[in-house]
Amino acid sequence: MKKLIAAALTLTLLTALTGAVASDAGTAADPLITREYADNEYTQALLALGQETMDTVLAALYDRADAIATGEGVLTYTAGREAFAGEGDVTLGLGGSFILTEGAAAVVYEAGEVIDTSTGQVVPSGSALAPLTRYFVTEDTEALFRTDDRSAYVLDGPYSLEGLAQRQYALYEDVRGNEWYASAVIFSYENQLFQDWDAPLYRGVEGASRAEMIYALWVTAGRPETDAVSPFTDLTEEWYIPAVNWAYEHKITNGSGAEDLFRPGESLSRAQIVTMIYRWSGDLGLDVSGRGDLTVFPDYESIPDWAAESVSWASHTGLILGFDDHTFQPAANIARAEAATILQRFIPKAGSALPGHPSPDTDEASGENDLASTVE
């Protein structure tokens, strides 16, 4: 890259200065300068000037990049196109683009140009923006895109946010900004809970597999190493094997049915996920003594005996809620978005019991972890 920039700068300077020399050139019989003189003097001087100019430009670029990387710069850069939502002011610099996907937005700027890439026309300052249209910010322009609380939009390039505007979800092709699980998508994306967190599809409504959930718990625990080896003979993929070994060591899972089978691809039920988290909470030293009244669920008799204690605890803490008809449906598959939501509720309250997290909320009277405060 440095060589390409250097060559471009040098060529530009050579072209400019050579033109100036040619304008003053004499005749062939009476040249003002000789070819030898030009080669020995002008060419070397131009190359030196080009190198100096290149170094100056690159130094400024590197300083700017370093300032942004260390948090000292004003603008942040997206990693490709990323989706955002919320009311606020979004400032875009040179090379940034804005695509409104929902709601309303307008653009305001004092100098420079913002281009509607679908028409190639300049968008006047103060204009309302059309949905699904890419607006590109040109040189010497700092454009302010004002959004409302219904807005969802895609950014690309340098940006800064003010107000309530925030990254709402990673840009998955099957996720819209107003999905009920939008915040869970952010959470799972930023914490890399799922092995395919950077895939084009989030698959939020699909069932979470046993391997996926154990992997998510392992990631949440800080990817701890273990010398333990589980007895399961059906573990075939490297990405989840360390997680299953860790979960077996900590008695978070005992397998599925047969002693030597884990069944990693099998969908996880609602009763199974709360049992895993209940066991993990006890292993972390959290208070798991709280119990809720299972009879609040019309189908409470369908909750298996092995899961009754953990479901009662999860109901008490609010980690998992009933459906619209108030049933619990213990055998129903837990969706990936639901699994991420449960962890999103659990992790802040587990607090310092987990690596890199602050202390959990505590009850002033008893000092116990206030997991029940997660009830929505």
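Taken over the stretch 94-140, the criterion of being assigned to a loop (DSSP other than H, G, I, E, B), under 21 Å from residue 163 (Cα atoms) and under 28 Å from the mean Cα position of the chain (by Cα) is satisfied by 96, 103, 104, 129.
The single condition from (1) over 28 Å from residue 351 (Cβ atoms); (2) not assigned by TED's automatic domain parsing to the domain that holds residue 266 that residue 191 fails is (1). Without any contact (Cβ under 8 Å) to a residue 12 or more places away in the chain and of a type in the set (Gly, Ala, Ser): is that true of residue 282 in this structure? Yes, satisfied. All conditions in (1) at pLDDT below 75; (2) aliphatic (A, V, I, L, M); (3) over 16 Å from residue 285 (Cα atoms) hold for residue 371, with the sole exception of (3). Between 215, 202, the distinction of being at pLDDT 85 or above and either over 19 Å from the mean Cα position of the chain (by Cα) or in a loop (DSSP other than H, G, I, E, B) (or both) belongs to 202 only. Exactly one condition in (1) modelled with pLDDT under 80; (2) at positive phi is false for residue 222; which is it? Unmet condition: (1).
Can we say residue 248 is over 14 Å from residue 306 (Cα atoms), in a helix (DSSP H, G or I), over 27 Å from the mean Cα position of the chain (by Cα) and in the same structural domain as residue 322 (by TED's automatic domain parsing)? Judged against the criteria, residue 248 is a match. Yes or no: the stretch 263-282 includes at least one residue that is among the polar types (S, T, N, Q), surrounded by 15 or more Cβ atoms within 10 Å (Cβ to Cβ) and touching a Leu at 6+ places or on another chain (Cβ under 9 Å). There is at least one residue in the stretch 263-282 that is among the polar types (S, T, N, Q), surrounded by 15 or more Cβ atoms within 10 Å (Cβ to Cβ) and touching a Leu at 6+ places or on another chain (Cβ under 9 Å).
For (1) closer than 26 Å to residue 219 by Cβ; (2) out of contact with any Asp or Glu (no Cβ under 8 Å at 6 or more places or on another chain); (3) surrounded by fewer than 20 Cβ atoms within 10 Å (Cβ to Cβ), each residue gets a yes or a no:
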{"position": "285", "(1), (2), (3)": "yes, yes, yes"}
{"position": "288", "(1), (2), (3)": "yes, yes, no"}
{"position": "293", "(1), (2), (3)": "no, yes, yes"}
{"position": "303", "(1), (2), (3)": "no, yes, no"}
{"position": "308", "(1), (2), (3)": "no, yes, yes"}
{"position": "313", "(1), (2), (3)": "yes, yes, no"}
{"position": "317", "(1), (2), (3)": "yes, yes, no"}
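Checked against the criterion of being assigned by TED's automatic domain parsing to the domain that holds residue 155, modelled with pLDDT of 90 or more and touching a Gly at 6+ places or on another chain (Cβ under 9 Å), the stretch 126-133 has no qualifying residue.
The values are calculated or read from the model by the stated rules, or taken from the named source; none is laboratory data. Nothing here was measured: the structure is a model prediction, and the numbers come from that model. No Cβ is skipped: glycine too gets one built from the backbone with ideal geometry, and neighbour counts run over all protein chains shown.
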